[in-house]
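Step one of this worksheet: look at the structure below.
The values are calculated or read from the model by the stated rules, or taken from the named source; none is laboratory data. Just so it is clear, the structure is predicted and the values come from calculations on it, not from any experiment. Cβ: placed from backbone, ideal geometry, glycine included. Neighbour counts: every protein chain shown.
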Amino acid sequence: MPTSITLLKKKKMHDAVCFTGLPGIGLVGKIAVDYMLKQIKAEKIAEIHSDSFPPSITTFNGITDLIKNEIYYFKFKKKDFLFIAGPVQPSIDLRMASGKEHYEFSESIVLGLKQLKVKEIYTLAGLNIGDKRIKTSPNVVVAATDEKTLKSFKLLGCKPATGEGLVSGAAGMLLGMARRHGLKGACLMGETSSKLVYGDHTSAKKVIELLVKKFKFKINMKNIEKESKNIQQAFSLLVKQLESQPKEGEDAESSENPTYVR
């Protein structure tokens, strides 16, 4: 079953903007999109199925369904916005999913979004900076499809990605396919650590704040600020533990110029 978008409700849209936040490093993108969807009155309009997803089903009160991602619609200040949210993306481990599946998944979604009149795609993700994240407040790093878009985010306080690097998984492939098919956009990467398997709410908060600046969304940040404080308190304990351990050389993940994000 190739990747398909099943429309549940039709919306008349023009020059729409799409945000994606699927599971990745630090769950930054997923937390950001899921939180925004809880704060706005978005309407589910489509489902995404793909044979590149894990071979699993979901159950709810004994009722089964295929695992899927979802597309939500939100109109704000006469502009159309879409959000892609969900529990899965093709596995980055090529022993479980082929490169071909990644390309097919991303291109199918981009072509489907074009039919919905989407003109801009922003992928939200985490940028792994290793243990350095534990001791520092995260920045948001941006990589864009064009100079104009890159400049607009730099003016908002984003750090541009420097040197050469890779953006793997859906966060990279969706943006790459967007550019290939004439759409503009950017990957917004909140600095985090791959060790934060339960999520980096502080980094996700930084990404949301950036989107609020750019698009003027009305988002209540109270709950994510609470989660962010919990994360920082946990970091304080980790720092004490790390300082009490003998150093065994520099962690490869703490490079000054990270080259991998998802």
Q: Within the stretch 143-151, identify whether any single residue is touching a residue at least 60 places away in the same chain (Cβ under 8 Å) and of a type outside the set (Lys, Arg), and answer yes or no.
A: no
Q) Which one of these is among the hydroxyl-bearing types (Ser, Thr, Tyr) and either touching an Asp or Glu at 6+ places or on another chain (Cβ under 6 Å) or under 24 Å from Leu211 (Cβ atoms) (or both): Tyr122, Tyr103? A) Tyr122
Q) Within the stretch 91-106, is even one residue out of contact with any Gly (no Cβ under 8 Å at 6 or more places or on another chain), loosely packed, with under 15 Cβ neighbours inside 10 Å, closer than 30 Å to Ile57 by Cβ and among the acidic types (Asp, Glu)? A) yes
Q) Can you name every residue in the stretch 175-195 that is of a type outside the set (A, V, I, L, M), closer than 15 Å to Cys18 by Cα and not in a loop (DSSP other than H, G, I, E, B)? A) Gly176, Arg179, Lys184, Gly185, Cys187
Q) Of all residues in the stretch 32-51, which are part of a loop (DSSP other than H, G, I, E, B) and crowded, with 22+ Cβ neighbours inside 10 Å? A) Ser50
Q: For the stretch 153-171, indicate whether the set of residues that are in contact with an Asp or Glu (Cβ under 6 Å, 6 or more places away or on another chain), assigned to a strand (DSSP E or B) and touching a residue at least 24 places away in the same chain (Cβ under 8 Å) is non-empty.
A: no
(Q) Residue under question is Phe81, and the condition is that it be of a type in the set (A, V, I, L, M, F, W, C) and over 18 Å from Phe215 (Cα atoms); does it hold? (A) no
Q: Enumerate the pairs (first residue in the stretch 32-50 and farther than 22 Å from Pro90 by Cβ; second residue anywhere and in a helix (DSSP H, G or I)) with beta-carbon separation below 6 Å, excluding pairs fewer than 6 apart on the same chain, so at least 6 apart or on different chains.
A: Tyr35/Ile224
Q | Filter pass, Ile224 being surrounded by 14 or more Cβ atoms within 10 Å (Cβ to Cβ), part of a loop (DSSP other than H, G, I, E, B) and among the hydrophobic types (A, V, I, L, M, F, W, C) | A | no
**Q.** Positions within the stretch 18-31 being in contact with a strand residue (DSSP E or B) (Cβ under 6 Å, 6 or more places away or on another chain) and either outside any strand (DSSP E or B) or farther than 29 Å from Lys226 by Cα (or both), in sequence order
**A.** Gly24, Ile25, Gly26, Val28, Gly29, Lys30
(Q) Return the residues of the stretch 74-85 that are surrounded by fewer than 20 Cβ atoms within 10 Å (Cβ to Cβ), in a strand (DSSP E or B) and either β-branched (Val, Ile, Thr) or touching a residue at least 60 places away in the same chain (Cβ under 8 Å) (or both); say none if nothing qualifies. (A) Phe76, Lys79
Q) Hey, among Gly126, Gly112, which residue is under 16 Å from the mean Cα position of the chain (by Cα), surrounded by 15 or more Cβ atoms within 10 Å (Cβ to Cβ) and either at pLDDT 90 or above or not aliphatic (A, V, I, L, M) (or both)? A) Gly126
Q.
Can you pull out every residue in the stretch 91-144 that is more than 30 Å from Met1 (Cα to Cα) and in a loop (DSSP other than H, G, I, E, B)?
A. Ile129, Gly130, Asp131, Thr136, Ser137, Pro138, Asn139
(Q) Just to be sure before I move on: is Ile57 over 19 Å from Leu183 (Cβ atoms), surrounded by fewer than 18 Cβ atoms within 10 Å (Cβ to Cβ), of a type in the set (A, V, I, L, M) and modelled with pLDDT of 95 or more in the structure I sent? (A) no
